Amino acid sequence: MDRLTIRTPDDFHVHLRVGAMLTAVAHFTANQFGRAIIMPNLVPPVVTTAHAVAYRARIAAALPTSSSFVPLMTAYLTEDSDPDDVAAGHAEGVLTACKLYPAGATTNSAHGVRDLSRVFGVLAKMERIGMPLLIHGEVTDPEVDIFDREAVFIERVLSKIIAAFPSLKVVMEHITTSDGVAFVESAGANVGATITPHHLEFNRNAMFRGGFRPHFYCLPVAKRESHRLAIRRAATSGAPKFFLGTDSAPHRIGDKESACGCAGIFNAPFALESYAKTFEEENALASLDAFASVNGATFYGLPLNEGTITLERSGSEVPATYGEGADSVVPFHAGETLDWKLLTAPTNFRV
Ligand code: DOR
Ligand code: ZN
């Protein structure tokens, strides 16, 4: 097979940032996806419906007016989040979901949640109105080994959220472990997970190959090979609980190559080519459409996109960097050639 046409896909987890970085990166996501769930971890974070309206306008302004890309906005849950504002934003079609960051778990998560009981009012409301809760699933307890933080989160926190709110739609974002796969598989149909291209393609050894390699550092951190194999099986199975979320998270080169480097991998320019690589290696190209274009929209209750995109086996050369000097960003697969190439931008999108 040298060409693969699938329904126009969506990215259910992306960081578009603000300012010059937003302008530099937004078009990559818009060129690959019909819609994307936009992460709210800005400084200051996107907490209210009004913040999300303003951020959505900034995203639109960063794209050509001809773009049919639809940003799906999220609100960052804080202990002071107002259940009525969140519900009103959802009813108005501004807010698609809320994001739960345990305080201190990752980039710009300082405003996140320390005491879960303080967001129970919002969660109860979300459960009633069918609004999805997106979770960064890592405990922040420094006593817990960084490679165990996802598994411990499932045991200590996620299982409690699901017991307290059994009908709440929950997406465990960017799962990295066999524990995450098993938990999602054993939960009800209201629990799903996104999977990134990078966690599918490398394990934790990539960070230490011949020296420390900061461009392979992200959170949750990549785990050992057996976990990577588990998420590859889940993603390529076609099972409806697992869907595409790139977690593309650009940082300027100096913020990665630093004594205290930022977590995040910029995979937006070749996200689909990268997923196609994994699916082909697993002999599962026939499941790419379900993972990339059907399962997420169905989980969220969104209409499927109506257009298509086509990938061709003609090769994509990934640049070593994007941008100039201190403002440059190193992409995932920098300097490599990927087998697949996206031929057509998303077309014929219908809300
Ligand atoms: O690697 C990551 N980068 N993980 C996250 O959870 C946040 C993201 C970012 O915003 O840089
Ligand atoms: Zn993220």
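Here, each number is a calculation from the coordinates, and none is a lab measurement. Note that the coordinates shown come from a computational prediction; the quantities given were computed from them, not determined experimentally. Virtual Cβ from ideal backbone geometry, glycine too; neighbours counted across all protein chains shown.
When its C-alpha radius of gyration is set against 2.2 N^0.38 Å (N residues), segment 223-278 gives a value of 1.38. For the chain, the antiparallel share of DSSP beta bridges with both residues in that region comes to about 25%.
Scalar couplings 3J(HN,Hα) for segment 28-34, obtained by applying the Karplus form with A = 6.51, B = -1.76, C = 1.60 to θ = phi - 60°, are 5, 5, 5, 7, 10, 10, x Hz; x denotes Gly and Pro.
Scanning residues 5 or more positions from His13 or on other chains, those with amide H under 5 Å from its amide H are Ile37, Thr246, Asp247, with H placed 1.01 Å from N in the peptide plane.
Give me the base-10 log of I(q)/I(0) for the chain at each q in 0.11, 0.12, 0.13, 0.14 Å⁻¹, Debye formula, one uniform scatterer per Cα, rounded to two decimals. With one equal scatterer per Cα and no solvent, log10 I(q)/I(0) is -0.67, -0.81, -0.98, -1.17.
Annotation note: chymotrypsin sites (Phe, Trp or Tyr not before Pro) in segment 1-98 located in DSSP loop regions with a Cβ neighbour count of at most 10 within 10 Å are absent.
Take the alpha carbon gyration tensor of segment 257-339, find the square roots of its eigenvalues, order them as a ≥ b ≥ c, and report rounded if a/c is under 1.5; if not, report prolate when a/b exceeds b/c, else oblate. It comes out prolate by the Cα gyration axes.
With a Cα cut-off of under 19 Å and a minimum spacing of 8 residues unless on different chains, the lysine pairs in the chain number 9.
For the chain, the Cβ-based charge dipole about the Cα centre amounts to some 260 debye (Lys, Arg positive; Asp, Glu negative; other atoms uncharged). Measuring gaps between exposed loop sites in the chain (trypsin sites (Lys or Arg not before Pro); DSSP loop; at most 15 other Cβ atoms within 10 Å), the longest gap, sites not included, is 1-113.
Reported value for segment 1-51: 99 Å³ per residue, from the convex hull of its C-alpha atoms. Structural descriptor for segment 76-142: relative contact order 41 percent, calculated from alpha carbon pairs under 8 angstrom and at least 6 residues apart. Using the Karplus relation 6.51 cos²θ - 1.76 cosθ + 1.60 with θ = phi - 60°, the per-residue 3J(HN,Hα) values for segment 214-230 come to x, 6, 9, 9, 8, 10, x, 5, 4, 9, 6, 4, 4, 6, 4, 5, 5 Hz, with x marking Gly and Pro. Within the shell defined by Cβ-Cβ distances under 11 Å, the residues around Glu317 carry a net charge of -1, with Lys and Arg each +1 and Asp and Glu each -1. Under 5 Å between amide hydrogens, built in the peptide plane, is the criterion, and for Asp82 it picks out nothing among residues at least 5 positions away or on other chains.
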